[in-house]
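Undergrad: Right, I'll just put the structure down here and ask away after.
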Amino acid sequence: MDKGKRYRPNVAAIILSPSYPLECKVFIAQRHDISGAWQFPQGGIDEGESPKEALFRELEEEIGTNEIEILCEHPKWLEYDFPKSIAKKMAPYDGQTQRYFLVRLKPNAKIDLATKHPEFDDYCFMPINDVLSKVNHFKKGAYAKVLKYFKDEGFI
């Protein structure tokens, strides 16, 4: 992490479909404010909140459910810098430092993007190997690291 930069503490969820482990597909959603910008659900960690508490709260706020089972947590915080066009909106932060969780959606969970403050307008479950071709360019490095870790650990 660059010592001169400020990174916003954040959590991110790689959500496996309820059919995991028979089928290994992950949830990815398109941001409602940027057409074509697909990502994993993520969000800031509030003061006094643990990463796990933030994970459950953010999932409820962003996809309308926190009915998940945590399978694994990435052991390190991963950073990325915001592009200049986003950095102004996110000031005083230069990027985010994220804790990633690999989770499985429970079979009866219902995804609802029509939340109080909608972040996404579309979603799908796609094969892991297709994710990097679909996500924002500035997140690809962090996504590649975390997906490799979960793959090396035998989860995906």
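The values are calculated or read from the model by the stated rules, or taken from the named source; none is laboratory data. All of these numbers come straight from a predicted model, not from anything done at the bench. Glycine gets a Cβ as well: all are built from the backbone with ideal geometry, and neighbour counts include every protein chain shown. For accessibility, only protein heavy atoms count, side chains too; no ligands or nucleic acids. Shrake-Rupley method; radii C 1.70, N 1.55, O 1.52, S 1.80 Å.
Undergrad: (1) part of a strand (DSSP E or B); (2) closer than 16 Å to residue 155 by Cβ: which one isn't true of residue 10, the others all being true?
TA: (2)
Undergrad: Can you name the residue in region 46-71 that is in contact (Cβ under 8 Å) with a residue 40 or more places away in the chain and part of a loop (DSSP other than H, G, I, E, B) and, of all such residues, is most open to solvent (accessible area, probe 1.4 Å)?
TA: Out of the qualifying residues, it is 67.
Undergrad: So residue 4 fits all but one of (1) outside any strand (DSSP E or B); (2) in contact (Cβ under 8 Å) with a residue 24 or more places away in the chain; what number is the exception?
TA: For residue 4, the exception is condition (2).
Undergrad: Could you check how many residues of region 72-95 are in a strand (DSSP E or B) and among the small types (Gly, Ala, Ser)?
TA: Qualifying residue count, region 72-95: 1.
Undergrad: Kindly establish whether residue 156 is part of a helix (DSSP H, G or I) and either among the aliphatic types (A, V, I, L, M) or open to solvent by 60 Å² or more (accessible area, probe 1.4 Å) (or both).
TA: Answer is no for this residue.
Undergrad: Name every residue in region 119-130 that is surrounded by fewer than 18 Cβ atoms within 10 Å (Cβ to Cβ), at pLDDT 95 or above and either within 12 Å of residue 31 (Cα to Cα) or of a type in the set (Val, Ile, Thr) (or both), in order of residue number.
TA: The answer is 121, 122, 123.
Undergrad: Also, I was wondering about something else. For region 131-144, indicate whether the set of residues that are in contact with a helix residue (DSSP H, G or I) (Cβ under 8 Å, 6 or more places away or on another chain), surrounded by 17 or more Cβ atoms within 10 Å (Cβ to Cβ) and not β-branched (Val, Ile, Thr) is non-empty.
TA: Yes, region 131-144 contains a residue that is in contact with a helix residue (DSSP H, G or I) (Cβ under 8 Å, 6 or more places away or on another chain), surrounded by 17 or more Cβ atoms within 10 Å (Cβ to Cβ) and not β-branched (Val, Ile, Thr).
Undergrad: Can you spot a residue in region 105-126 that is out of contact with any strand residue (DSSP E or B) (no Cβ under 8 Å at 6 or more places or on another chain) and in a helix (DSSP H, G or I)?
TA: no
Undergrad: For a quick check of your reading of the model, give me the residue pairs whose first member lies in region 133-152 and is within 12 Å of residue 14 (Cβ to Cβ), whose second is open to solvent by less than 10 Å² (accessible area, probe 1.4 Å) and assigned to a helix (DSSP H, G or I), with beta-carbon atoms closer than 7 Å and at least 6 apart or on different chains.
TA: Close Cβ pairs (under 7 Å, with a partner that is open to solvent by less than 10 Å² (accessible area, probe 1.4 Å) and assigned to a helix (DSSP H, G or I)) amount to 135/143; 143/131; 147/131.
Undergrad: Also, quick follow-up: Which of (1) exposed (fewer than 13 other Cβ atoms within 10 Å of the Cβ); (2) over 17 Å from residue 39 (Cα atoms) does residue 74 not meet, given it meets every other one?
TA: For residue 74, the failing item is (1).
Undergrad: Of everything in region 98-114 that's open to solvent by less than 40 Å² (accessible area, probe 1.4 Å) and in contact with an Asp or Glu (Cβ under 6 Å, 6 or more places away or on another chain), which residue is nearest to residue 134 (Cα to Cα)?
TA: Among residues in region 98-114 that are open to solvent by less than 40 Å² (accessible area, probe 1.4 Å) and in contact with an Asp or Glu (Cβ under 6 Å, 6 or more places away or on another chain), the one nearest to residue 134 (Cα to Cα) is 101.
Undergrad: Any residue at all in region 25-32 that is loosely packed, with under 15 Cβ neighbours inside 10 Å and charged (D, E, K, R)?
TA: No, every residue in region 25-32 fails to be loosely packed, with under 15 Cβ neighbours inside 10 Å and charged (D, E, K, R).
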